[in-house]
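Trainee: There's a structure below that I have some questions on.
The values are calculated or read from the model by the stated rules, or taken from the named source; none is laboratory data. Note that the structure is predicted; figures quoted are calculated from it, not measured. Cβ coordinates were reconstructed from backbone atoms using ideal geometry, including for glycine residues, and neighbour counts include every protein chain displayed.
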Amino acid sequence: MMRARLSLAVLCTLVSTGAMAATSHSWGKPGATREAFERGSRDCMLKAARRDVSSDKPTEKYLRGFEALERENNMPPMPAIPGDDQNFVRSERQVLLRRMYRPDQHVDTLQGQLQAEVDRCLIAAGYIRFTLTRAQERTLRHLRPGSEAREAYLYTLGSDSRIVEAQKVMEP
């Protein structure tokens, strides 16, 4: 049960982190209706979001590190050595454990895997990745994530075959 809650917490962290990342690329599907455009991208996102990541290596490594850090936090204080600052000693140990288990690195790896799954799904569904111009990025920054105005703007860009073709990313 603890692992299921942690998996959900990791997924929520991934979603929120991804939403805050700077955007320099977008996806387009020239000629698609807005409904089809949004449904296709939402389906790909939900497919990755609903996948059970509990047995993925990065998740297992993250959980192992999380559990070690949690045990450390719940341990009784170590015997005091005269002259030692116990808060400093405990803090130093936390830093060493974080460096040893690298939870941030495992979350980044898992996020990259999930993003790659979404990208593959979008490509299979006929979407094309394209680079946003500076002017397009500037406009996008002024539109609140999740707002109707932002969704309409992204649809306008992504459904325009001239924009998508001129700015498409050539995959290696």
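Trainee: Restricting to region 35-59, and then to whatever is more than 15 Å from the chain's Cα centre (by Cα), hydroxyl-bearing (Ser, Thr, Tyr) and surrounded by 12 or more Cβ atoms within 10 Å (Cβ to Cβ), can you tell me which residue is modelled with the highest pLDDT?
Mentor: Ser41
Trainee: Now a separate question. Just give me the residues in region 128-172 being among the aromatic types (Phe, Trp, Tyr) and within 16 Å of Glu38 (Cβ to Cβ), in sequence order. Lay out the reasoning, then the answer.
Mentor: Taking region 128-172 and keeping what is among the aromatic types (Phe, Trp, Tyr), we get 130, 153, 155.
Tyr153, Tyr155, listed by residue number.
Trainee: Right, another one. When only residues in region 122-163 that are buried (at least 18 other Cβ atoms within 10 Å of the Cβ) and under 18 Å from Leu46 (Cβ atoms) count, which is nearest to the chain's Cα centre (by Cα)?
Mentor: Of everything passing the filter in region 122-163, Leu122 is nearest to the chain's Cα centre (by Cα).
Trainee: Hey, another quick one. What helices (runs of 4 or more DSSP H) completely inside region 60-172 contain at least 2 residues that are over 18 Å from His25 (Cβ atoms)? If you could, list the steps in order and put the result at the bottom.
Mentor: Values: elements: 86-101, 103-124, 134-141, 148-159, 161-167.
Answer list for region 60-172: 86-101, 103-124, 148-159.
Trainee: Give the number of residues within region 58-72 that are in contact (Cβ under 8 Å) with a residue 40 or more places away in the chain and closer than 16 Å to Gly112 by Cα.
Mentor: To start, the set of residues in region 58-72 that are in contact (Cβ under 8 Å) with a residue 40 or more places away in the chain comprises 58-59, 61-63, 65-66.
Then keep just the ones that are closer than 16 Å to Gly112 by Cα; that gives 58-59, 61-62.
Looking only at that region, the number is 4.
Trainee: For region 80-88, check the following and say yes or no: at least one residue is surrounded by 10 or more Cβ atoms within 10 Å (Cβ to Cβ), modelled with pLDDT under 85 and among the polar types (S, T, N, Q). It would help to see each step written out before you state the result.
Mentor: Kept after step one, since they are surrounded by 10 or more Cβ atoms within 10 Å (Cβ to Cβ), are these residues of region 80-88: 80, 84-86.
From the residues that got through so far, the ones that are modelled with pLDDT under 85 too are 80, 84-86.
Okay, now just the ones that are also among the polar types (S, T, N, Q), so 86.
Checked region 80-88: at least one residue is surrounded by 10 or more Cβ atoms within 10 Å (Cβ to Cβ), modelled with pLDDT under 85 and among the polar types (S, T, N, Q).
Trainee: Going by the conditions given, is Ala32 surrounded by 13 or more Cβ atoms within 10 Å (Cβ to Cβ), in a loop (DSSP other than H, G, I, E, B) and at pLDDT 80 or above? Working first, answer last.
Mentor: Working: surrounded by 13 or more Cβ atoms within 10 Å (Cβ to Cβ): yes; in a loop (DSSP other than H, G, I, E, B): yes; at pLDDT 80 or above: yes.
Here the answer is yes, as Ala32 does meet what is asked.
Trainee: A further question follows. Give the residues of region 30-57 that are touching a residue at least 24 places away in the same chain (Cβ under 8 Å) and of a type in the set (Gly, Ala, Ser), sorted by residue number.
Mentor: Residues satisfying the conditions are Gly31, Ala32, Gly40, Ser41, Ala48, Ala49, Ser54.
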